[in-house]
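Heads up: the structure comes next, in C-alpha cells.
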Amino acid sequence: MRLYLVPSPIGNLGDITYRAVEVLKNADVILCEDTRTSYILLQHYGIQKPLTPYHQHNEHKILAHLVEQMQAGKTFALITDAGTPGISDPGFLLVRECVRNNIPVECMPGATAFVPALVQSGIPSNRFVFEGFLPLKKGRQTMMKQLAEEERTVILYESPHRLAKTLDELAVYLGNERQAAVCRELTKKFEETRKGTLQELAAHYTANQVKGEIVLVIAGKE
C-alpha cells in the first residue's frame, strides 16, 4: 500500500533515475495523464504494467476508487506527461486524499522544468517564487500587479501561442527594462534560452513564432 510520485522526463527520455524505472516496474498500476504519451516512455524502458488515465478531467471522479484500491494493498505510481506530478500537473488531490487516509506517499527526485531554467538563466536563484501558469482571464491583471512588486525572482510556465502576448503584458506591468529569460524545449534537440529585457523578448517573440514547452524566468523588483 503506497503511492509513488514519479517524475518523468521533460524531453530527453534519458532523464529518469534508475530507481524511478524500478519503481515503475514494480508498481501494481501506473496512473498517467495521457496513456499514449506515457506508453512511449514505458516502452523505451521495457516496462509493461496496467495504465490508468488520471488527469484533470477525471481525477475527482476516480479519487475514492483509487484510495480504496491502495487501502486493499495495491501500490500505485503516478506519472505525468512531463516533469514532477503536482507541479502544474495533476497529483495534489490524490496526495491529499492519501494523507487523509494514512496511505504512505513518496515523491521521488527527478525532472522539473523550472529548476534548470532558473539555474541557467543567470538571474538570481537564491530566492524565487514559482507561479505556474498565469490566469487566462479572471485575476490576470491582479496577478500582474502583484508580480510587479515581487522582489524575488519569478518563474512562470507559458504556452508558445500566448508567449508574445504575455511578454507584452509583463513589460507593461513590470517595466520594459526588467531582465528576463525565455527557456524553451529544455533537454531537447532545439533547446533555447534567450535573455534580455521584457521589451526585447516581447519584440523577438512577436516577430518569431515558436513551439515547445516554455519557462519564463523574470528578475525581481530592485
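Tabulated results
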item: Residue in region 98-113 that is within 24 Å of E158 (Cα to Cα), touching a residue at least 12 places away in the same chain (Cβ under 8 Å) and out of contact with any Pro (no Cβ under 9 Å at 6 or more places or on another chain) present; result: yes
item: Output for region 125-149, where each listed residue is in contact with a helix residue (DSSP H, G or I) (Cβ under 9 Å, 6 or more places away or on another chain) and either assigned to a loop (DSSP other than H, G, I, E, B) or not assigned by TED's automatic domain parsing to the domain that holds A180 (or both); result: S125, L134, P135, L136
item: Test: residue in region 192-206 that is in a loop (DSSP other than H, G, I, E, B) and either modelled with pLDDT of 95 or more or in contact with a Phe, Trp or Tyr (Cβ under 7 Å, 6 or more places away or on another chain) (or both); result: no
item: Within region 40-68, considering residues that are in contact (Cβ under 8 Å) with a residue 12 or more places away in the chain and polar (S, T, N, Q), the one nearest to D28 (Cα to Cα); result: T52
item: Filter pass, A111 being at pLDDT below 95 and either closer than 17 Å to R184 by Cα or outside any loop (DSSP other than H, G, I, E, B) (or both); result: yes
item: Sole residue being hydrophobic (A, V, I, L, M, F, W, C), closer than 18 Å to E151 by Cα and under 17 Å from the mean Cα position of the chain (by Cα), chosen from L174, L216, L186, L170; result: L216
item: Long-range neighbours under 6 Å by Cβ, at least six apart or interchain, first residue on the phi < 0 side of the Ramachandran plot and modelled with pLDDT under 95 within region 132-149, second loosely packed, with under 12 Cβ neighbours inside 10 Å and part of a helix (DSSP H, G or I); result: none
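A quick yes/no check of all residues on (1) touching a strand residue (DSSP E or B) at 6+ places or on another chain (Cβ under 6 Å); (2) touching a residue at least 40 places away in the same chain (Cβ under 8 Å):
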residue: I16; (1), (2): no, yes
residue: V21; (1), (2): no, no
residue: D28; (1), (2): yes, yes
residue: S88; (1), (2): yes, yes
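The values are calculated or read from the model by the stated rules, or taken from the named source; none is laboratory data. This is a predicted model, so every value here is computed, not measured. Don't worry about glycine lacking a Cβ; one is built from the backbone with ideal geometry, like all the others, and counts go over all protein chains shown.
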